[in-house]
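A short reminder: the numbers here are calculations on the coordinates, not readings from a lab. What you see is a predicted model; the values in this text were computed from it and never measured. Cβ placement follows ideal geometry from the backbone for every residue including glycine, while neighbour counts extend to all protein chains displayed.
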Amino acid sequence: MTALPPASFSNFSSSSPRHIPSTNILTFTDNHQKQNDFRAVSFDGHLFKDIDFSDSDFTDANLSECQFIQCSFARAILVDTCFIDSLCIECDFTNAQFKNTDVTNAQFISCHLSEGIQNLMRFADFINTSHG
């Protein structure tokens with residue numbers, strides 16, 4: 001199987017909506033500056049592993065049908081963000097800001113969520129999730 005080249009996030013602008021071209025996996029390259037502005041981006045159907053999204057703004061973003069494995073969303077802004085049918089495994093959502101976040105049919109497996117987060121979102125599945 002041929003490895004796909006890492007996606008470049010340097011072409012993001014503040015215009016919306018933005019759609020990331022379809023690939024199997026999106027990653028940051030080692031020499032790439034951390035991207036924090038993901039407002040109105042559409043990552044639908046992508047796989048992310050070991051990505052640091054901490055302090056990022058995902059306002060109005062579409063993260064539907066994505067898989068997030070060991071990613072950090074610590075202190076991320078997830079306002080009006082769509083996680084429909086997404087899978088999050090061992091992700092860190094510590095102090096993430098959730099408001100009007102749609103997680104219909106999403107699964108959060110062994111994720112770390114700030115205390116009380118279940119009251120702010122409609123979770124279909126909570127499996128082995130820690131709070132603290």
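A compact table of results
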item: Computed label-point distance, nm, for sites Asn36 and Gln70 using a 7 Å Cα→Cβ extension; result: 2.5
item: Counted charge near Ile77, where neighbours are those whose Cβ lies closer than 14 Å (Asp, Glu -1; Lys, Arg +1); result: -2
item: Inter-label distance, nm, simple model (7 Å from Cα along the C-beta direction), Asn95/Lys49; result: 3.0
item: Length gained when the stretch Asp80-Ile109 is fully extended (0.36 nm per residue, less Cα-Cα span); result: 8.3 nm
